[in-house]
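This report refers to the structure that appears directly beneath it.
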Amino acid sequence: MSTLAHTMMTAARSADSGLANPGELDRYPYAETPAADRVGAPAWDGTDPELGRVSRRAASSRGRGLHGQLVQQLGQMIVSGDLGADRPLVPEEIGQRFEVSRTVVRESLRVLEAKGLVSARPNVGTRVRPVSDWNLLDPDIIEWRAFGPQRDDQRRELSELRWTIEPLAARLAAGHGREDVQQRLSDMVEIMGHALGQGDALTFARADSEFHSLLIQVAGNRMLEHLSGIVSAALQVSGGPVTGCERPNEHSLTHHARIVDALAGGDGAAAEAAMRQLLTVHPEVERVVPAPREH
């Protein structure tokens with residue numbers, strides 16, 4: 001299992017640091033808003049106290065340190081609506097509220113700007129952008145939406161998107177019979193089976209994520225490959241409409257194994273059908289995506 005364990009490590013999504021070059025920090029355009037003009041400024045004192053004191057919290061599990069923690073906190077607040085477009089984001093106030101340096105604030109806001117959540121302009125300052133400008137395919141924004149007020153919409157949209165992406169990827173992957181990938185997919189099914197027997201939901205989920213990412217990557221479509229992060233993010237979101245691969249059970253394991261068998265046999269139609277069955281929600285949950293129409 002040591003080789004399989006090593007393979008499992010590749011499932012971890014690499015985090016984008018968003019860090020600027022040291023010489024660029026002071027060039028980021030933040031307008032110094034006079035205190036008298038700060039109408040509608042964020043009511044930091046009204047937020048969850050756990051969101052504050054970032055510097056005293058343990059390092060993020062994402063491995064992004066202090067800067068990453070602030071990105072997480074501010075991103076969640078923006079997506080939840082606690083920070084709206086009518087509220088200017090003043091670096092000094094953010095730094096005081098979260099007890100971090102101005103440099104950390106600048107780095108964090110720059111990352112949020114790259115995600116489309118905020119915009120910074122000279123003599124205007126930093127403000128939250130409308131939802132239509134957000135990069136809704138960004139894994140972080142997917143996660144923040146999935147655990148905020150938009151959770152139901154986000155989970156429904158993810159389910160619909162997966163129904164569009166993954167059956168096609170499974171069909172295409174059947175035409176790319178790479179033995180090394182076939183073996184890795186088989187390894188993931190083996191790990192999932194062992195984890196199911198041990199009641200290890202975490203290991204099952206990691207192997208599941210690796211399985212689906214590999215499948216998309218071997219489809220031979222680079223545009224689809226760029227969407228693999230979306231699928232990984234979707235698999236990390238629990239609750240809401242439940243698909244077959246979100247619950248560790250024999251049903252899920254069987255369909256994963258059927259996909260592998262179909263790929264090994266070069267049967268694209270069977271691979272697509274098995275993926276659709278895997279993504280079908282459980283009977284006790286209302287179906288979120290209709291079956292394909294017959295032409």
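In terms of its alpha-carbon gyration tensor, segment 139-279 comes out oblate; a/c meets the 1.5 threshold, while b/c is at least as large as a/b.
Figure legend: label point modelled 7 angstrom from the Cα of Met223 along Cα→Cβ; residues of segment 156-191 with amide N under 14 Å from it are 165, 169. Highest mean packing first, where packing is the average number of other Cβ atoms within 10 Å per residue, the peptides 258-266, 67-75, 109-117 line up as 67-75, 109-117, 258-266. Per residue, the convex hull spanned by the Cα atoms of segment 106-216 measures out at 161 cubic angstrom. Over the Cα atoms of segment 64-133, the radius of gyration divided by the Kirkwood radius equals 0.92; this is the Rg/Rh ratio.
Label positions at Leu137 and Gln183, each projected 7 Å from the Cα along the C-beta direction, are separated by 3.3 nm. Counting charges near Thr203 (Lys, Arg +1; Asp, Glu -1) among other residues having Cβ under 13 Å from its Cβ returns a value of -4.
Using the 1.4 Å probe convention, the accessible area of segment 139-279 works out to 43 Å² per residue with neighbouring protein chains retained.
The values are calculated or read from the model by the stated rules, or taken from the named source; none is laboratory data. All values derive from a computational prediction rather than experimental measurement. A quick note on method: Cβ atoms are made from the backbone with ideal geometry, for glycine too, and the neighbour counts reach across all protein chains shown. Side chains are part of the model used for accessible areas, which takes the heavy atoms of the whole protein and leaves out ligands, DNA and RNA. Shrake-Rupley method; radii C 1.70, N 1.55, O 1.52, S 1.80 Å.
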